[in-house]
Structures are given as C-alpha cells and as structure tokens.
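Notes follow the structure.
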Ligand SMILES: C[S@@+](CC[C@H](N)C(=O)[O-])C[C@H]1O[C@@H](n2cnc3c(N)ncnc32)[C@H](O)[C@@H]1O
C-alpha cells in the first residue's frame, strides 16, 4: 500500500519525550490499562511484539478496522515514527505499548484477553553466548498462552534457521498450543497478512523464512506452576 510508504518529508523528528508525553496512542505503564477505554469501539484485541518501524501494524489496522491493535516495542525511533504516522493517517485502532515485552505483558493483559499475538522476526541473537537473550523461551510462551483467548492465534516468523529450530521446539512443547501446520510445524510461506519491513528485506534477499502458527487449545487450563504469569495484577481474573 503506497500510502504507508516510509517516504516522509525530510524534517526533523519531534523528540521521543515530546511526542509520547500524554499522547492518546501511547501507553507506558506497569499497571493494567483498561483497553476497552483506550479504543473508540470494542473489538478483538491483537498484539504485535517488536513492531520496529510500524509498517506491519499500520497495514493490519487499516485492513482490519474492527480489530483493536496494540503494538509493543522499546525502540524510540520506531515509536516516534509510528505515532506520527498514526496521527497523520488518522488510524484510530492502534495503541503503542512501551517497554520490554517480557517484563510488561504480565501486567498489561488479563488471562484470555488477546485474540492474536504476532512476533515478526524477533532479534535472533546469533552468537552462541547471547542465545539466552532470545525472546522465545518456554516461560515467555507459557505466559503468552495464558493471555491468549481460547482458539487465539500465535504467529511467529524468523529467517534465522537456528532460532527457527529453537522456536519450533519451544512452541511444540507448550501444552496449551495447537500447531496449525501439523505435522510439519512450520510453513515457508505466509500470504494471509501484510509483510513487515524485515520480511520484505529477507524475501528480496532470497532468504528462507519459517512461519509458525499455533492456536490456543480451547480445553486448556494452566495446571503447572506459573512463572511470569504470577507477576502482575493483570493476570488475576
Ligand atoms: C529484528 S526487529 C523486527 C522488526 C519488525 N517486527 C519487522 O519484522 O520488521 C526486532 C524488533 O523487536 C524489538 N524488540 C526486541 N526485544 C524486545 C522486547 N523484549 N520487547 C519489546 N520489543 C522488543 C526491537 O526493538 C525491534 O524493533
């Protein structure tokens, strides 16, 4: 969609502090924001973790005006740009949630509140000594599964094969999730939703991308001791 092009007039960006302070699209809290009050109309709540420059979430929001989107990241430049584009394009159904997904999501959402979670190209941390910094770990996925509604969808994409192998293992071992690409566990194509900036770059470079799609088992109830889910008041229902 050309209207979402990055080609902005060359003027200096307003500072992060200035654009975010009191902005109606910006959420920076450790508490539970009442999401129903933050969007103009009710709709399924969909979360993108690590939205980068915002291309993907803006296209999703335009494509699905009856869904409400929350875009989470801590990348200041991306947040500034995305807020400016939301203002300019008058897109009402996106809220920007600031912070580290691992720390904030337990507080920001109630159990079963999200109909979809999308993680496009999480940082791969390719060096062996850094792999523990990767976002997709069993405790994080257990926490996300708790936040998903019954039959809610979790989508993950990566171009980095060692991370794809790890993601495959973690997702397939999460009891509350059902693989939508069974028995293979992944797909190398995904045409049903817009392409993110990184995705377009990787596809243009001829790289193979692994796409994962899991739904929350509607019969699943968390029986194992929770880890991250116990941290925040938003998990108390
Ligand atoms: C490799 S970029 C991908 C950007 C975008 N999803 C895309 O596909 O074009 C990863 C993004 O995730 C964000 N990120 C990494 N770890 C995060 C975390 N723990 N919480 C929130 N955002 C995170 C980074 O700031 C960055 O914007």
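Read-outs: derived from the displayed coordinates by stated rules, not from any lab. Quick caveat, the model's predicted, so the values are computed rather than measured. Here Cβ is always computed from backbone atoms with ideal geometry, including for glycine, and neighbour counts include all displayed protein chains.
Neighbour counts of other C-beta atoms within 10 Å: give me 35, 125 arranged from fewest to most.
Placing the least packed residue first, the sequence is 125, 35.
If neighbour count is taken as other Cβ atoms inside 10 Å, put 23, 130 in order from fewest to most.
Going from least to most buried by this count: 130, 23.
Can you pull the three principal axis extents for the Cα set of region 23-143, in Å, largest first?
44, 30, 24
What percentages make up the Cα-Cα pair-distance distribution of region 9-235 when the bins are 5 Å wide from 0?
That works out to 1, 6, 14, 19, 20, 18, 12, 6, 2, 0, 0, in percent per bin.
Mean separation of Cα pairs under 8 Å and 6+ residues apart, divided by the residue count of the chain: what relative contact order is that in percent?
21 percent
Using just the alpha carbons, could you tell me how many Å³ per residue the convex hull of region 24-85 encloses?
88 Å³
Determine the calculated [θ] at 222 nm for the chain from helices alone, applying -39500 (n - 2.57) to every DSSP H run no shorter than 4 residues and normalising by the residue count; nearest 500 deg cm²/dmol.
-8500 deg cm²/dmol
So how do 187, 111 line up by other beta-carbon neighbours within 10 Å, fewest first?
Least to most surrounded, the residues fall as 187, 111.
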